[in-house]
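The values are calculated or read from the model by the stated rules, or taken from the named source; none is laboratory data. Computed from a prediction, not measured in an experiment: that's the story for all the values here. With ideal geometry, Cβ positions are generated from the backbone for all residues, glycine too; neighbour counts draw on all protein chains shown.
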Amino acid sequence: MPFTPTRDRVDPEKINTTPLRRPEWIKVRAPSGETYAWLQSLMRAKALHTVCEEAMCPNMGECWGSGTATFLMLGDVCTRTCGFCDVKRGRPAALDWLEPERVAQAVKAMDLKHAVITSVNRDDRRDGGAPIFAMVIRRIRQLHPGCSVEVLIPDFKGSLEALKIVMDARPEILNHNVETVPRLFKTVQPQDRYEWAAATLSNARRLDPEVLVKSGIMLGLGETIDEVKAVMRDQRAWGVDILTIGQYLQPSKKHLPIARYYTPEEFAELKEYGLGLGFRWVESSPLVRSSYHAAEQVRALSIVHRKLYGEAHADPHA
């Protein structure tokens, strides 16, 4: 019998039967408009996936309406069973080595100034699919010069060899999300390890001192503020420049329940705390996701800004 990918994530005992009422500050714009329709047809025509659709991103309407999207590579089936994620899990198909070419063509067709590329986990491969990331970075540079590239990569199980394949292609931003606090890893992302996240981010900083290193964390899974701040201090110690903090939103009753909603004021306080730690940019509000305002981040921060455009440094928090 063929294996059928599924989105089920959580043990039935953990299903949230009494969900919290969504607060008024969580407002999601429904996708619509001509640009959204054009992007949707472009993705289908090139047989591409976006994390916007697969992970049910709450900002899809805003981002697609403005002509931006986050490409999901290495297929649309993940080998891990994270309890927060709506991407299908199971046994993935073989890698599509023509996928980088189609992504680069889409980036050119969209005339992007900043492209964000992510992927499912591919633990079926020793290299985790790292060569595909390197290929798409290089092909975007060839086909659409001047476009900066951000890659949101898996942890590759902490493999320095796999990470180096990606870093040798020199993305402008290397992103890997920690997602949650160490105490909740086994519940939230049981096949991940905090040490792998630490190795990925710290090794990225060591391999290329000029790259902008980025990471993110979700709130609302049962963590405490003190635990969040401890992770933020760790991320800064690992050399992370850009930090994103957002509210976890339960994709379905089969996913992990929301422990609580954080207020906009609490997100603002965490942003100030992060800036005080020395992060160069902190994006912190309920609907923030990894690639939210990514183009603004790369334009505003000095190293990439000067390298790509030769313009004077602008203070991102002015």
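Only one of (1) under 17 Å from the mean Cα position of the chain (by Cα); (2) closer than 21 Å to Val116 by Cβ; (3) modelled with pLDDT of 95 or more fails for Asp168. Which number is that?
(1)
Applying the selection to the stretch 77-92, what residues are in contact with a strand residue (DSSP E or B) (Cβ under 8 Å, 6 or more places away or on another chain) and assigned to a loop (DSSP other than H, G, I, E, B)? Reasoning before the result, please.
From the stretch 77-92, those in contact with a strand residue (DSSP E or B) (Cβ under 8 Å, 6 or more places away or on another chain) are 77-82, 84-85, 87-92; that's our starting set.
Correct list: Thr79, Arg80, Thr81, Cys82, Phe84, Cys85, Val87, Gly90, Arg91, Pro92.
I'd like the residue in the stretch 242-266 that is crowded, with 22+ Cβ neighbours inside 10 Å and not in a strand (DSSP E or B) and, out of all such residues, is farthest from the chain's Cα centre (by Cα).
The selected residue is Tyr262.
Considering only the stretch 207-228, state which residues are among the acidic types (Asp, Glu), surrounded by fewer than 21 Cβ atoms within 10 Å (Cβ to Cβ) and in contact (Cβ under 8 Å) with a residue 40 or more places away in the chain. Working first, answer last.
Residues of the stretch 207-228 among the acidic types (Asp, Glu): 208, 210, 223, 226-227.
Then drop every residue that is not surrounded by fewer than 21 Cβ atoms within 10 Å (Cβ to Cβ), which leaves 208, 210, 226-227.
Asp208, Glu210, Glu227 - these are the residues of the stretch 207-228 that are among the acidic types (Asp, Glu), surrounded by fewer than 21 Cβ atoms within 10 Å (Cβ to Cβ) and in contact (Cβ under 8 Å) with a residue 40 or more places away in the chain.
Looking only at the stretch 245-273, how many residues end up being closer than 27 Å to Val87 by Cα, without any contact (Cβ under 8 Å) to a residue 60 or more places away in the chain and not aromatic (Phe, Trp, Tyr)?
Count: 3.
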